[in-house]
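Okay, structure first, notes after.
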Amino acid sequence: MEAKALRLHAANDLRVDTFELPPIKEDEILVKVVSDSICMSTYKCAILGTGHKRVHPDVAEHPAIMGHEFAGDIVEVGAKYKDQYKPGMKFTIQPALNYKGTMWSPGYSYEFCGGDATYCILPAEVMECGCMLEYTGEAYYEASLAEPMSCSIGAFNATYHTQMGVYTHEMGIKKDGRLAIMAGAGPMGLGALTYALHRDIHPSMVVVTDINQDRLDRAASLFPPEEWAAKGIELHFVNTGKLADPVAELLAISGGKGYDDVLCYAPVASVVTQSSAILGRDGCLNFFAGPTDKKFSAEMNFYDVHYNSTHVMGTTGGNTADMLESLKMTAEGRLDPAVMVTHIGGLYAAGETTLNLPKIPGGKKLIYTHIDLPLTALADLREKGKEDPRFDALADIVEANNGLWCPAAERYLLAHWENF
């Protein structure tokens, strides 16, 4: 079968190639990819090439398909899995396979498997590891975003708390505690926020910080503090860039007690230090943001580590259980991962978008792999509608949904843009 895909040939060398997929083996599955959301991890992979731990050394001879946050439909199932999976089933995958101790992952390590493709082949290890997941919800983008949502879910589940004299950790954020999401008005921070507010065990206070007022204003419009106050959760959006003493101000919001859980979403030394300084007794700091600098370090208070039991840990993603929770909560309507999405585009926009991801403002960039569409901000749909009425119709749908991407918008897009 002929496929088109964005493939990595070398560091900073991404190309949309047309090539033939080989016939599937008995333990493989052929899928049609519909959507893929672009992750900052893909940007890191693209700029590092073989310097990235997940990229195979012969990528120049066997280019790797980019993208690991993808969803679509099953086309053909190998004989080994015919009783378990059926053509037409909507799917997504957990890309962190951890297969036999390797770091291989779809979107980094495979010549014929990745999300920035029209069609691809899921290798045997995806099924062997239980990482082929059915999605019963409506929209493909929701399944694509299950992976980044699972990363935030994993961050919550991996945090822990202690009791003096007891050597057993209590896993998860503190029930009815105080939570700070530092540098948290970006896509992953908003994913963490929507999960914090809608999970069964939730905090009583959430403080989201950033230095970009536009992002904070958007976050506040999506999560109005007065609405959450009526539900018993005190919600604050704070621009630390405007504060003379951010730590003092953040501690004041907490009533001087500090925060039980702090999620740090930026690999910036000053933000890490602030995150450490606002921890309360037994506070857990989860450093979520992966730096590209192998020598990245930041100052933190070890007096508090010793006397106040503060502690630091890090997570890089979620596991399959986290992803299943994301899929379940989304299908039930409890989570809306669309809060992360600010742009849409087609396959030919994926390469430039990936290589320039840190420079493009906004949140998640959602790629629909069977259409030709320049990267387009949702906020620009109305302006583009002056020249193309299809954008006007999309703008109507998005504006009726509080400015968020939604299943109706996806249906319209897939019905009115040309397929490859």
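The values are calculated or read from the model by the stated rules, or taken from the named source; none is laboratory data. Treat the numbers as computed from the prediction; the structure is a model and nothing was measured. All Cβ positions, glycine included, derive from the backbone under ideal geometry; neighbour counts span all protein chains shown. The area values use the complete protein model at the heavy-atom level, side chains included, leaving out ligands, DNA and RNA. Shrake-Rupley method; radii C 1.70, N 1.55, O 1.52, S 1.80 Å.
A straight Cα-to-Cα reach below 17 Å connects Lys257 with the aspartates and glutamates Asp176, Glu234, Asp245, Glu249, Asp282, Asp304, residues fewer than 8 places away in its own chain not being considered. The residues Arg7, Arg411, sorted by heavy-atom accessible surface at 1.4 Å with ligands and nucleic acids left out, run Arg411, Arg7 from largest to smallest. Here the relative contact order of the chain, from alpha carbon pairs under 8 Å that lie six or more residues apart, stands at 16 percent. Computed 3J(HN,Hα) for region 188-196, one whole-Hz value per residue from the Karplus formula 6.51 cos²θ - 1.76 cosθ + 1.60 where θ = phi - 60°, is 6, x, 5, x, 5, 5, 5, 5, 4, glycine and proline marked x. What number in nm² do you get for region 274-383 if you take the convex hull of its Cα atoms and divide its surface by four? Hull-based average projected area comes out at 10.8 nm².
Assign one of three labels to region 374-420, namely rounded, prolate or oblate, based on the Cα gyration tensor with a ≥ b ≥ c the square roots of its eigenvalues; rounded applies when a/c is under 1.5, prolate when it is not and a/b is larger than b/c, and oblate otherwise. Oblate. DSSP finds beta bridges in the chain, and of those with both partners inside it, around 60 percent are antiparallel.
With the highest mean first, a sort of the peptides 340-349, 238-247 on other beta-carbon atoms found within 10 angstrom per residue produces 340-349, 238-247.
Averaging the Cα positions of each part gives two centres, and for region 239-277 and region 71-149 these lie 39 Å apart. Can you tell me how region 21-126 classifies by the Cα gyration tensor, rounded, prolate or oblate, using a/c under 1.5 as the rounded cut? Here region 21-126 falls in the prolate category. Among the protein heavy atoms of the chain, carbon and sulfur supply 51% of the accessible surface, probe 1.4 Å, non-protein parts ignored. Taken as Cα centroids, region 151-194 and region 319-394 sit 27 Å apart, rounded to the nearest whole angstrom.
Candidate cross-link partners of Lys82 among the aspartates and glutamates, defined by an alpha-carbon separation under 18 Å and a same-chain spacing of 8 or more, comprise Glu26, Asp27, Glu28, Asp73, Glu125, Glu128, Glu134.
For region 193-255, the spread of Cα coordinates along the three principal axes comes to 35, 26, 18 Å, biggest extent given first.
Per residue, the solvent-accessible area of region 267-420 (1.4 Å probe, heavy atoms of protein chains only, all protein chains present) comes to 47 Å². Other residues whose C-beta falls under 11 angstrom from the C-beta of His62 contribute a net charge of -2, scoring Lys and Arg +1 and Asp and Glu -1. In order along region 87-102, phi translates into HN-Hα couplings of x, x, 5, 7, 9, 9, 10, 8, x, 7, 6, 6, 7, 6, x, 8 Hz, rounded to whole numbers, per the Karplus curve 6.51 cos²θ - 1.76 cosθ + 1.60 with θ = phi - 60° and x for Gly and Pro.
Calculated on the alpha-carbon coordinates, the convex hull of region 58-176 measures out at 165 cubic angstrom per residue. Every helix of 4 or more DSSP H residues in the chain counts as -39500 (n - 2.57), and over all residues that averages to -8000 deg cm²/dmol at 222 nm. Please report the net charge: other residues with Cβ closer than 15 Å to the Cβ of Leu14, K and R +1, D and E -1. Neighbour charge sum, excluding Leu14 itself: -1.
Couplings 3J(HN,Hα) of region 251-258, computed from phi: 5, 5, 4, 7, x, x, 8, x Hz, in residue order, whole Hz [Karplus 6.51 cos²θ - 1.76 cosθ + 1.60, θ = phi - 60°; x for Gly and Pro].
Between rounded, prolate and oblate, where does the chain land on the alpha carbon gyration tensor, with a ≥ b ≥ c its root eigenvalues, rounded for a/c under 1.5, else prolate if a/b exceeds b/c? In terms of gyration-tensor shape, prolate.
Hydrodynamic radius of region 73-116 by the Kirkwood approach over all distinct alpha-carbon pairs: 12.1 Å. Can you pick out the pairs among Lys90/Lys384; Lys25/Lys53; Lys4/Lys100; Lys100/Lys174; Lys242/Lys359; Lys53/Lys328 whose Cα atoms lie more than 24 Å from each other? Lys90/Lys384; Lys25/Lys53; Lys4/Lys100; Lys100/Lys174; Lys53/Lys328, as the Cα separations exceed 24 Å there.
Each Lys and Arg Cβ is given +1 and each Asp and Glu Cβ -1; about its Cα centre, the chain then shows a dipole of about 680 debye.
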